[in-house]
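The values are calculated or read from the model by the stated rules, or taken from the named source; none is laboratory data. Keep in mind that this is a model prediction, so the values were computed, not measured. We place every Cβ from the backbone using ideal geometry, glycine too, and count neighbours over all the protein chains shown. Surface areas here come from the heavy atoms of the whole protein model, side chains and all, with no ligands, DNA or RNA. Shrake-Rupley method; radii C 1.70, N 1.55, O 1.52, S 1.80 Å.
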Amino acid sequence: MTVLKIIVDSGCDLPYNYITEHNLELISLTVHLKGEEYKDITEIQPKTVYDEMRNGSVPKTSQASINQFTEIFTKYAKEGQSCLYLAFSSQLSGTYQTACMVREQILEKYPEFDLTIIDTKAASLGLGLIVHHAVKLLESGATKETIIKEAEFYCEHMQHLFTVDNLEYLRRGGRVSNVSAFVGGLLNIKPLLHVEDGKLIPLEKIRGRKKVLKRMVDLMDERGADLSNQLIGISHADDEETAILVKKMIEEKFGCKHFFINMIGSVIGAHTGPGAIAVFFLDKKTNSDIDITQ
């Protein structure tokens, strides 16, 4: 038995092979598409969702099920396994709240169950980078207490900046008004958004794709700390070409050499739509003994 089992949900947008290689326990959120229900990551690929959205489909999503949490938590409670669940922001999904509710139920039967649940207030590779750092610490032999302390530092200081290609998808999710979406489409206005205390907050509206990408990189300069010595996360909604372009812009401006690039998963992508681009980085230098660039 390992000292600690790390549990993640599909809101982290980490590749499935990463999850299996590092022996993480996966909680899948649900994607509803064309009358069918799919577990994110294991039963549907984001490319499928994006292609369907381009063809006019409107996917829906729902939080991870009570049954999933009950089954997984019960298994580890019976084994006496210490666990840490790094959860998708409670402001963007009810998954964290469901996990806490199930934990209380499990503790009635297994009062010694050692399960810590952290509301990361993060999403996509912002959450993914928090998980990645926790995994490196665990694999280096760090204690649960150290892993929790560093994960909480990452949660507090993880910056999310992103833009979407089409405001219509955010409108459907209630993030912008019909008028804003209509005007944005006419004028080629691209929203720049961030995550603040776990919530999705619009920052600016910028005309043109190139200008909004440049502004994202400029904001990294304003907000980031010790960027050249960080692992920078970049996620994209089926637009790897733009993700590579942003990577080059960041390399040229800050001298960064270490990146984690992955496609935005089906659940988050159902709300951003194809073409979204996001960057993730820390706004404070860490004192971690672990090399945070790998």
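Taking each residue of region 197-213 that is closer than 25 Å to S89 by Cα and looking for partners that are open to solvent by 80 Å² or more (accessible area, probe 1.4 Å) with beta-carbon atoms closer than 6 Å, six or more apart or interchain, yields G198/Q91; K199/Q91.
Among F259, F281, F254, which is within 28 Å of E150 (Cβ to Cβ) and touching a residue at least 60 places away in the same chain (Cβ under 8 Å)? Let's see the steps before the verdict.
Numbers: F259 fails: touching a residue at least 60 places away in the same chain (Cβ under 8 Å); F254 fails: touching a residue at least 60 places away in the same chain (Cβ under 8 Å).
The match here is F281.
Of all the criteria given as (1) part of a strand (DSSP E or B); (2) buried (at least 22 other Cβ atoms within 10 Å of the Cβ), the one not satisfied by G269 is (1).
Take the residues in region 1-37 that are of a type in the set (A, V, I, L, M) and under 16 Å from T116 (Cα atoms), then tell me which one is most open to solvent (accessible area, probe 1.4 Å). Don't jump to the end; show me each part of the working.
So in region 1-37, the residues of a type in the set (A, V, I, L, M) come out as 1, 3-4, 6-8, 14, 19, 24, 26-27, 29, 31, 33.
In the following step, the residues that additionally are under 16 Å from T116 (Cα atoms) were identified as 3-4, 6-8, 24, 26-27.
On the way: V3: 111, L4: 4, I6: 3, I7: 0, V8: 0, L24: 22, L26: 26, I27: 0 Å².
Per the stated criteria, the residue is V3.
If the condition is being at pLDDT 95 or above and part of a helix (DSSP H, G or I), then region 147-187 contributes I147, I148, K149, E150, A151, E152, F153, Y154, C155, E156, H157. Taking region 229-248 as the range and being open to solvent by less than 50 Å² (accessible area, probe 1.4 Å) and either in a helix (DSSP H, G or I) or closer than 13 Å to L161 by Cα (or both) as the test, the residues that pass are I232, G233, I234, S235, H236, T242, A243, V246. Checking each residue in region 249-266 for being assigned to a helix (DSSP H, G or I), among the aliphatic types (A, V, I, L, M) and open to solvent by 10 Å² or more (accessible area, probe 1.4 Å) picks out only M249.
Would you be able to say whether some residue in region 97-104 is over 20 Å from T20 (Cα atoms), basic (K, R) and without any contact (Cβ under 8 Å) to a residue 60 or more places away in the chain? So far as region 97-104 goes, yes, one or more of its residues are over 20 Å from T20 (Cα atoms), basic (K, R) and without any contact (Cβ under 8 Å) to a residue 60 or more places away in the chain.
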